[in-house]
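Let me begin by presenting the structure, written as structure tokens, before commenting on it.
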Amino acid sequence: MSNTFKNLAETAQKILETRSNNAKVAICARYFKSLDSDKDLNRAAQFLGEGAFSSISGERAVIGSRTYSTCAAEFCEINYEKVFKPSKTALGSSSEAIEKLMHNIDAARKKRSPAELTLAEVETIYKAISEVSSRADKQQILRDAWKQMTPLEIKYFIRIMTRGSLRIGFESRSVVSAIAQAFGKKVKDVRYAHMITGSIGRTAVLCKNDRLDEAIFKLFHPLSFMLASPIESRAIENIGEYIAEEKFDGMRCQMHISGNKVELYSRDLNDITHSFPEIVNFFAERNLPDLVLDGEVCVYKNDEILPFQLLQKRMGRKKPSSKIMDKFPVLFIAYDVLFYDDEPIFEKSLTERRKILKKLAEQFNLPISNQFEISDEDSVEELFERALAHGNEGLMLKKKDSTYEYGQRRKSWLKVKKPGGTLDTVMMYAHAGSGKRGGYYSDFTLGIRVAEDERYEEEFIPIGKAYGGYTDEEMKRMNKRIKDLTVEKYGPTLGLIPELVIELEFDDIQINKRTKANYTLRLPRFKSIRWDLGPDDTDTLQDVERMYQEKINRKRLKQDENPSFYFEND
Amino acid sequence: MINIKKAGYHGILLSDYSIGFDFSTPDAQHIFISHAHADHMPYKSKEPVYCTENTFKLMQKRGYRDEANLLSFGETVQLPKAQVTLFPAGHILGSAMVYVETNEGSVLYTGDYRTPPSPASEGFEYPKQVDHLITEATFSLPVYKWAPYDELIEEVQQFAIQTLDEGYTPVFLAYNLGKAQEVMNMLAPTELPLQIHGAGFKLCEVYEEAGIELGNYETYNRLTCEGKVLITTNSAINNGFASNVKKKKLAYCSGWAARESSRAQLTVHKLIPLSDHLDFFELINLCKKLNPKKVHITHTPNASVVQHYLDELNIDSRFLDLEAETDD
């Protein structure tokens, strides 16, 4: 029976147990080929590549880890707090703990009689979960489903349902390769179809039936953004192959335009049109041809690009008031064009796309980024300093002959950024890691000093959580130290004596009223572990406040000479 | 009332009887060593320690320089206020549980143990009446349950045979005392040529003298190891062991291999959950059978889980924290 869920779970497990990526792809390709019906192929590709529902369907089986974990504990007749939680912590994964408990515990074994559910039946179960809202209803569905599954099926059933990674070292890119291999098509064509359809299941079916050419780009269906790699992570052979643009301190945005219909999409492909009516009006009034633009939304006032922190006041608002709009006026600055003259133009080079964008900007008076030729590191340095002076984040270097690599992060686009700053913080809590870091404490809550701050009773308060920037060796050394510093244990979290000082690097500081400190750090990560410092050496909340104010009040170079974008005002 | 305290590095002291387990100290006159793993054996001792002959031989090969009083399993040694008997612990060759009988009751110190026992050990037996059970609980969570031994043998043999068939060299990552010899014993029927890392090789002699079949083996030789079954430790594989053999596949043999995360942490091809400790279910089962007055739990971050199950059996218990507890 090739169309059973058990077969899919066993295939996933086999992929996990295989090390070479080519061999993983081959196993998955063989599996796809073994499925007779298109519908089952659709389900299998979707389950392995995307989760319970296709990402564009908008459907979700919303179910929290507590809901399925307490349900599993009850199913196995074990105490959730006293037995399930430590089991999960030891393995670093709830779904793996559930798999093992379902296998090991007699009470659970007795309830289960595997029924070889088909992929279609499992799809129906996911649908049923998405249609109920109470925890009790969801748990009832889970119980009924688990009774008919093996422990391995249950593990993957949960991982697919929660849309997390399947943790088999096989992400959707590899699923695309497997589809291509199964049906003898080019990976590039399958990836294109996936990007256009937004559904990996449908892509597999089109691929199998020789109908990939039916996957046509449609306006008002956002496509995945092309992403940039940090310049530090890539070796550049010839910098002259790149052009530079300033990296705006705003929000990435894709705009689809047809007549006076305009829609804006965020990087996670959500429709954010309603938050920015003045941008919609601006483009709707211009009698533009059908277009898709890639660019940035920025707060722009008195010839200055204002900090991202102010743009936050506009984000997430369904209908901004005129007062807010006056105070924080926004502008869309385009830097790429993806659809023009009734066809997608991702395959054209950046130089060609730029020519089209420039022509459009002149004809319709649109703001577009300024591009600068670069010849050597000195010219990059100079441009970088000017970008910072403009209040921008740094530079984007883009390869002139590159196509628009939707959904990918490669070296065609590079970002040159200056870290927002660093703080010396103290480690307050350690959290058990998961996945590869299972069995270690790998996520940490870091605090700043408020001992002399009258507003607080505490000595330290949390400022951020970081889980990267250290080596495996350093993690092990920290774990040794943490053992000695532990004073409390709350499930997978340890409360620590504040001793260990971490120099934390971050991209930005933002106000966040829901936190104790009133501030959060954007992308906090370890810069170094300061074994040489003690808790009295850490920075204070006042330091954070000062850094934030400096950022907001920093003098910004006006957009007059050598601007970061241009725009001929009427 | 018998006082049971932590003492030394991972050791335990019965202060009223001057009896110590698994450490060396002038505070106790009578020191019993359960087995020859580094966290249990001393490297020197003013007084001769008590242990089995096999444990003594293994300790000597690992650097112990002083004397020992050798005890056979079941043989009783009479001390001024107590009598002590060793029981086979099933963990590694020579491993013993120490049974102390006094006027105030009896104590069974398990050391590390496994039931069902490792075939590369002297088996597993326990006394009928125990008041205080001092037990290790390394794998004390219900996510740990070991597969039947026949299945594990099959897994070990199949990994070796299939890997060789594919043109790769199979490498078993197994601790050099106990686990390494157990894997060799499992592979012996295949008669495949085998090489073992030097630190483990020198211990094999003791196993052979004890009549444990280890198969067709020799010491590791970088120049000739390709195409043979190799046995080594995690640390050796990271320090150049067989680094000249490009086509090799690794299998990690440990109770910790039950955790999926060890696959990525050690970058191995195969996880074989072969432990030399008993699993959670055997532990609870043994407590149930012995029904002691009190269980003292050591060697685990999850004593509270064991205690939760013992509470349900109405067995009194406590966590004897060998890691963090200081003298009390």
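The values are calculated or read from the model by the stated rules, or taken from the named source; none is laboratory data. A quick note: this is a predicted structure, and the numbers were derived from the prediction, not measured. All Cβ positions, even for glycine, are placed from backbone atoms using ideal geometry, and neighbour counts span all protein chains on display.
A few comments on the model shown:
- Matching residues in the stretch A:198-239 - criterion: being in a loop (DSSP other than H, G, I, E, B), touching a helix residue (DSSP H, G or I) at 6+ places or on another chain (Cβ under 8 Å) and at pLDDT below 90: A:G198, A:S199, A:A215, A:I216, A:F217, A:K218, A:H221, A:L223, A:S224
- Qualifying positions in the stretch A:235-251 - over 20 Å from A:E373 (Cβ atoms) and loosely packed, with under 15 Cβ neighbours inside 10 Å: A:A235
- Those residues of the stretch A:530-555 which are of a type in the set (K, R), touching an Asp or Glu at 6+ places or on another chain (Cβ under 8 Å) and modelled with pLDDT of 80 or more, in sequence order: A:R530
Table: residues versus (1) within 14 Å of chain B (Cβ to nearest Cβ); (2) in contact with an Asp or Glu (Cβ under 8 Å, 6 or more places away or on another chain).
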residue	(1), (2)
A:A108	yes, yes
A:R135	no, no
A:A145	no, no
A:T150	no, no
A:I160	no, no
A:S165	yes, yes
A:I168	yes, no
A:S172	no, yes
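- Filter result (within 11 Å of another protein chain (Cβ to nearest Cβ) and free of Cβ contacts under 8 Å to residues at least 24 places away in the same chain) within the stretch B:247-266: B:W256, B:R259, B:E260, B:S261, B:S262, B:R263, B:A264, B:Q265
- Scan of the stretch A:487-497 for residues that are in contact (Cβ under 8 Å) with a residue 40 or more places away in the chain and either touching a strand residue (DSSP E or B) at 6+ places or on another chain (Cβ under 8 Å) or of a type in the set (S, T, N, Q) (or both), ordered by number: A:P492, A:T493, A:L494, A:G495, A:L496
- Residue ID - nearest to the other protein chains (Cβ to nearest Cβ), chosen from residues in the stretch B:267-286 that are surrounded by fewer than 19 Cβ atoms within 10 Å (Cβ to Cβ) and of a type in the set (S, T, N, Q): B:T267
- Enumeration of residues in the stretch B:162-211 that are surrounded by 17 or more Cβ atoms within 10 Å (Cβ to Cβ), in contact (Cβ under 8 Å) with a residue 60 or more places away in the chain and among the small types (G, A, S): B:A174, B:G178
- If the condition is being among the aromatic types (F, W, Y) and surrounded by fewer than 19 Cβ atoms within 10 Å (Cβ to Cβ), then the stretch A:126-157 contributes no residue at all.
- Residues located in the stretch A:491-513, provided they are among the acidic types (D, E) and either over 21 Å from A:D249 (Cα atoms) or in a loop (DSSP other than H, G, I, E, B) (or both): A:E499, A:E503, A:D507
- Output for the stretch A:395-428, where each listed residue is assigned to a strand (DSSP E or B), surrounded by 20 or more Cβ atoms within 10 Å (Cβ to Cβ) and not charged (D, E, K, R): A:L395, A:M396, A:L397, A:S412, A:W413, A:L414, A:V416, A:L423, A:T425, A:V426, A:M427, A:M428
- Note on the stretch A:349-378: residues that are under 14 Å from A:G240 (Cα atoms) and free of Cβ contacts under 8 Å to residues at least 60 places away in the same chain total 2.
- Here B:E122 meets the list (1) in contact (Cβ under 8 Å) with a residue 60 or more places away in the chain; (2) touching a strand residue (DSSP E or B) at 6+ places or on another chain (Cβ under 7 Å); (3) closer than 30 Å to A:P86 by Cβ almost entirely, failing just condition (3).
- Residue match in the stretch A:288-307 (condition: modelled with pLDDT under 90, under 24 Å from the mean Cα position of the chain (by Cα) and either assigned to a loop (DSSP other than H, G, I, E, B) or not hydroxyl-bearing (S, T, Y) (or both)): yes
- Residue within the stretch B:102-113 that is among the hydrophobic types (A, V, I, L, M, F, W, C), away from every other protein chain (no Cβ under 14 Å) and part of a strand (DSSP E or B) present: yes
- When residues in the stretch A:433-456 are screened for being in contact with a Gly (Cβ under 7 Å, 6 or more places away or on another chain), at pLDDT 85 or above and either away from every other protein chain (no Cβ under 14 Å) or not in a strand (DSSP E or B) (or both), 3 of them pass.
- Just one of (1) among the basic types (K, R); (2) more than 14 Å from every other protein chain (Cβ to nearest Cβ); (3) touching a residue at least 12 places away in the same chain (Cβ under 8 Å) fails for B:K289. It is (3).
- Taken across the stretch A:457-465, residues that are modelled with pLDDT of 90 or more, within 14 Å of chain B (Cβ to nearest Cβ), surrounded by 19 or more Cβ atoms within 10 Å (Cβ to Cβ) and not in a helix (DSSP H, G or I) do not occur at all.
- All strands (runs of 3 or more DSSP E) inside the stretch B:8-74 with 1 or more residues being in contact (Cβ under 8 Å) with a residue 60 or more places away in the chain and crowded, with 23+ Cβ neighbours inside 10 Å: B:11-14, B:19-21, B:30-32
- Where strands (runs of 3 or more DSSP E) fall wholly inside the stretch B:209-312, the ranges with 3 or more residues that are farther than 30 Å from A:E81 by Cβ, at pLDDT 95 or above and touching a strand residue (DSSP E or B) at 6+ places or on another chain (Cβ under 7 Å) are B:217-219, B:229-232, B:248-253.
- Test: residue in the stretch B:135-156 that is in a loop (DSSP other than H, G, I, E, B), in contact with a Lys or Arg (Cβ under 8 Å, 6 or more places away or on another chain) and small (G, A, S): no
- Any hit, the stretch B:220-237, residues being over 29 Å from B:L108 (Cα atoms) and within 14 Å of another protein chain (Cβ to nearest Cβ): yes
- Candidates in the stretch A:83-125 are the residues that are modelled with pLDDT of 95 or more and of a type in the set (K, R); of these, the one that is surrounded by the most Cβ atoms within 10 Å (Cβ to Cβ) is A:K100.
- Tally of residues being farther than 17 Å from A:S177 by Cα, surrounded by 15 or more Cβ atoms within 10 Å (Cβ to Cβ) and among the small types (G, A, S) across the stretch A:3-58: 5
- Matching entry among A:D268, A:D249 (being in a loop (DSSP other than H, G, I, E, B), farther than 18 Å from A:D342 by Cα and more than 18 Å from the chain's Cα centre (by Cα)): A:D249
- Scanning the stretch B:169-192 turns up no residue that is assigned to a loop (DSSP other than H, G, I, E, B), among the acidic types (D, E) and within 26 Å of B:H277 (Cβ to Cβ).
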